[in-house]
Structure formats: C-alpha cells, structure tokens
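Peer 1: A single structure is presented below for examination.
The values are calculated or read from the model by the stated rules, or taken from the named source; none is laboratory data. Note that this is a predicted model, so its numbers are computed, not measured. Every residue, glycine as well, gets a Cβ built from its backbone with ideal geometry; the counts of neighbours run over all protein chains shown. Only protein heavy atoms, including side chains, enter the accessible area calculation; ligands, DNA and RNA are left aside. Shrake-Rupley method; radii C 1.70, N 1.55, O 1.52, S 1.80 Å.
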Amino acid sequence: TSRSCTFSYRGEGRKDSPSSTVGFRLAADYTGENSSSLLENMTNQENEVSSNQMILTIDEKDALVFGQRKTNDVAPIIRNNRTMLPARFVAENLGATVIWSENEPEKVWITKNNVEIIIYIGNNKAYVNGEEMALDSPAVIENDRTYCPVRCICEKLGASVEWNNDTREVVITK
C-alpha cells in the first residue's frame, strides 16, 4: 500500500535566517498487516493537531492557525519577560469578536458566547464578565496594535496555552 502524510519541522535555519518552518511530505510503501492502520493513525494525528491548534512564533508574522497558514500584520513579542500576542488576531481566530472604540482608545472589548473580557491598555487588571482579573503584565500598544499577555485571552475563551522555549512558540489548543 502506498500512502503519504505531510509534516512540518521547525528547526535551525541559515545564518541570515535563524529559524524557519519546513514542510515535507513523507511517501512510503508499507507492507504487512498493520501498514494501512499505521499511516491512517499518522494522518489522523497530524490532522487532529493542526485542526485544533494555533501556533505563533515570537517575532514572526506567519502562524499556523487550525491547519492553515495565516499571516498577521504584526508578530508576537516578549515584553517584561511575558509573551504578548496581538489581541485581535488571537481572539478572532478563537471565534471571538473584538471591539475598539475611538471614544475609549485605552479599552478593548472581547466577546464570545457568554464571555466578555475588557482589557485596559497599561493596566495590570482586566475584567471577565464584570469580575476583576489580575494580569501578569499590562496590555500594551505597539505598532498600532494591542498586545495582551497570552493567557489573558486564550484561557478565558476556552483554550489552553503552552510555551516552547526552544522554538519560541506559543501553542494554543482549543
């Protein structure tokens, strides 16, 4: 039986490009009674991971968003030893609505189903459904975009967050 699977590998790149993501396709001929189920399991695991994860890399605009490559106009950053993500990009990809008003430029509303998150720029506090929540770092505006601590939005919208220090990637799983 001949089958193929697509994988991505993130590792060290060239000197002028310190890291890069490389996609490749594995095609192989397998024989034996378990060969078909082995490739089906590999394909199912790959699809399961990519379809329920958002992977953002510090200082890179390209992201893997639930199995699709997307490019944001700004990249995730680290400020005050905290991973800060572009609020609108992350929240909207998690199915939330983001509202910003010129009348209250220091305030950002994020809503999804029965969750309302209000974030104030420069403040170590946010409000989730009216209850105060401490942030480990205040939201900031940089490059005309609001950046929030990663967990602030993701966990309140029902996603889990992991940090990979080796690859400088944030993995958000819904």
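Peer 1: Based on this model, can you work out whether residue 75 counts as within 21 Å of residue 150 (Cβ to Cβ), assigned to a strand (DSSP E or B) and modelled with pLDDT of 90 or more?
Peer 2: On the way: within 21 Å of residue 150 (Cβ to Cβ): yes; assigned to a strand (DSSP E or B): no; modelled with pLDDT of 90 or more: yes.
Considered against the rule, which asks whether it is within 21 Å of residue 150 (Cβ to Cβ), assigned to a strand (DSSP E or B) and modelled with pLDDT of 90 or more, residue 75 comes out as no.
Peer 1: Still on this model: Go through (1) open to solvent by 80 Å² or more (accessible area, probe 1.4 Å); (2) within 18 Å of residue 154 (Cβ to Cβ); (3) hydrophobic (A, V, I, L, M, F, W, C) one by one and return the number of the condition residue 85 breaks.
Peer 2: (1)
Peer 1: Another question about this same structure. Among the residues of the range 93-105, what is the count of those that are outside any loop (DSSP other than H, G, I, E, B) and under 11 Å from the mean Cα position of the chain (by Cα)?
Peer 2: Pass one, the range 93-105, residues outside any loop (DSSP other than H, G, I, E, B): 93, 97-101, 104-105.
From what's left, under 11 Å from the mean Cα position of the chain (by Cα): 93.
Qualifying residue count, the range 93-105: 1.
Peer 1: For the range 117-156, which fully contained strands (runs of 3 or more DSSP E) count at least 2 residues that are open to solvent by 30 Å² or more (accessible area, probe 1.4 Å) and closer than 13 Å to residue 107 by Cα? Lay out the reasoning, then the answer.
Peer 2: Details: elements: 125-128, 131-134, 140-142, 145-149.
Those strands (runs of 3 or more DSSP E) span 125-128, 140-142.
Peer 1: Let me ask another. Restricting to the range 157-167, name every residue that is within 12 Å of the chain's Cα centre (by Cα) and in a loop (DSSP other than H, G, I, E, B).
Peer 2: 159, the sole residue that qualifies.
Peer 1: Could I ask something else about it? Could we say that residue 103 is over 22 Å from residue 132 (Cβ atoms) and either touching a helix residue (DSSP H, G or I) at 6+ places or on another chain (Cβ under 7 Å) or in contact (Cβ under 8 Å) with a residue 24 or more places away in the chain (or both) here?
Peer 2: Numbers: over 22 Å from residue 132 (Cβ atoms): yes; either touching a helix residue (DSSP H, G or I) at 6+ places or on another chain (Cβ under 7 Å) or in contact (Cβ under 8 Å) with a residue 24 or more places away in the chain (or both): no.
So residue 103 does not fit the description; no.
Peer 1: Do you know which residues across the range 65-76 are in contact (Cβ under 8 Å) with a residue 12 or more places away in the chain and touching an Asp or Glu at 6+ places or on another chain (Cβ under 7 Å)?
Peer 2: In the first step, residues of the range 65-76 are kept if they are in contact (Cβ under 8 Å) with a residue 12 or more places away in the chain; the result is 65-67, 70, 72-76.
Selection gives 75 alone.
Peer 1: Further question: Filter the range 157-172 down to residues that are open to solvent by 30 Å² or more (accessible area, probe 1.4 Å) and in contact with a helix residue (DSSP H, G or I) (Cβ under 9 Å, 6 or more places away or on another chain) and give me whichever is nearest to residue 78 (Cα to Cα).
Peer 2: Our first condition is that a residue be open to solvent by 30 Å² or more (accessible area, probe 1.4 Å); within the range 157-172, this holds for 158, 160, 162-168.
With the extra rule that they be in contact with a helix residue (DSSP H, G or I) (Cβ under 9 Å, 6 or more places away or on another chain), the set shrinks to 160, 163.
Values: 160: 19, 163: 12 Å.
Top of the filtered list is 163.
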